[in-house]
1. Can you confirm whether the range 39-62 contains a residue that is open to solvent by less than 50 Å² (accessible area, probe 1.4 Å), modelled with pLDDT of 80 or more and within 28 Å of Lys21 (Cβ to Cβ)?
2. Tell me, which residue of the range 181-218 that is touching a His at 6+ places or on another chain (Cβ under 7 Å) and surrounded by 14 or more Cβ atoms within 10 Å (Cβ to Cβ) is modelled with the highest pLDDT?
3. When only residues in the range 187-219 that are part of a loop (DSSP other than H, G, I, E, B) and either of a type in the set (Asp, Glu) or over 16 Å from Leu170 (Cα atoms) (or both) count, which is farthest from the chain's Cα centre (by Cα)?
4. Residue by residue through the range 79-99, note down the ones that are hydrophobic (A, V, I, L, M, F, W, C), over 15 Å from Ile238 (Cβ atoms) and surrounded by 15 or more Cβ atoms within 10 Å (Cβ to Cβ).
5. Just to be sure I understand the filter: pairs with C-beta atoms under 6 Å, separated by 6 or more residues or on different chains, first member in the range 85-103 and without any contact (Cβ under 8 Å) to a residue 40 or more places away in the chain and under 27 Å from Met207 (Cβ atoms), second member surrounded by 10 or more Cβ atoms within 10 Å (Cβ to Cβ) and charged (D, E, K, R). Which pairs pass?
6. Quick check on the range 148-172: of everything there that is in a loop (DSSP other than H, G, I, E, B) and over 16 Å from Val90 (Cβ atoms), which residue is modelled with the lowest pLDDT?
7. So which of Leu76, Leu65 ends up being at pLDDT 95 or above and closer than 22 Å to Ile238 by Cβ?
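The values are calculated or read from the model by the stated rules, or taken from the named source; none is laboratory data. Quick caveat: nothing in here was measured; it's all calculated off a predicted structure. Cβ coordinates were reconstructed from backbone atoms using ideal geometry, including for glycine residues, and neighbour counts include every protein chain displayed. Side chains are part of the model used for accessible areas, which takes the heavy atoms of the whole protein and leaves out ligands, DNA and RNA. Shrake-Rupley method; radii C 1.70, N 1.55, O 1.52, S 1.80 Å.
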Amino acid sequence: MKKSILVILLFTLLISCQESKLELKLINKEIVSKGFSTDTIEAFYNHGVFNNENEKYLFINTVKLELSNPTNKKYLLFIQDLHLSNLYHVDIIIEDEKGNLLEKNAPLIDPSYSCKMGSLLEQDSYIQNEKELLLKKMGYNIKSEFLNFYNQEIIISPKENYILKTSLPLPFVVEDIVENLRSPIYFKLNPQKKYTFRLKYKLKYDMEKIIPKDILANYKENNIEIFKGEIETQKIPIVFK
């Protein structure tokens, strides 16, 4: 009898664990990066990164994802945006052939562009402040460094799956806003080495403390839960061109 009860409990626990798991899959077979003969950042500082705009767009990947919900719950995620770099809750994971994880680099700004950068930062700050004030007026308990989530929501019902598309240039994840401003965010990739690429989704903020109470109540009324788990895609290779 005790064994039967134990088996039932274990089975219930197993089903419960399975139900809390969404699935995220990369449909791409590979991710393309521009290869440099020298160190990435030196190549950036010493000569133009791309010969022209058309060449630049050749190295912007359309990242295609499939999000599936095999559970019996309706979930809310923040996982769609035109730019992958804007998805605050999605981490880009690049691993070399030895299993080492690469960190994104953000180099210092070239001093000769400091005045131009100051002007640009003022403009960006104004746009960010306006967006922050509007969100606060609508009841969001928002932080200035985390504003892009607003249009990133996806609600996925039980047994549904969605195809999502976003963009990612490599090795420069975020390029200059102004040409030659010298402030990219990039991965230091060596074309002589092999790398894999994958994505991981995990909330970095407690969204229930950010979203207005009336919207949270509406989610509850419609049986929508904010997904608080962690999902990770499979690994795919990075190829240099």
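1. Yes: one or more hits.
2. Restricting to residues being touching a His at 6+ places or on another chain (Cβ under 7 Å) and surrounded by 14 or more Cβ atoms within 10 Å (Cβ to Cβ), the top hit is Tyr201.
3. Pro212
4. Ile79, Leu87, Val90, listed by residue number.
5. So the pair list comes out as Leu101/Glu95.
6. Pro171
7. None of the others qualify; the one that does is Leu65.
Conditions tested, residue by residue: (1) at pLDDT 80 or above; (2) more than 29 Å from Tyr195 (Cα to Cα); (3) part of a loop (DSSP other than H, G, I, E, B); (4) among the acidic types (Asp, Glu).
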{"position": "Ile94", "(1), (2), (3), (4)": "yes, no, no, no"}
{"position": "Lys98", "(1), (2), (3), (4)": "yes, no, yes, no"}
{"position": "Gly118", "(1), (2), (3), (4)": "no, yes, no, no"}
{"position": "Tyr126", "(1), (2), (3), (4)": "no, yes, no, no"}
{"position": "Lys131", "(1), (2), (3), (4)": "no, yes, no, no"}
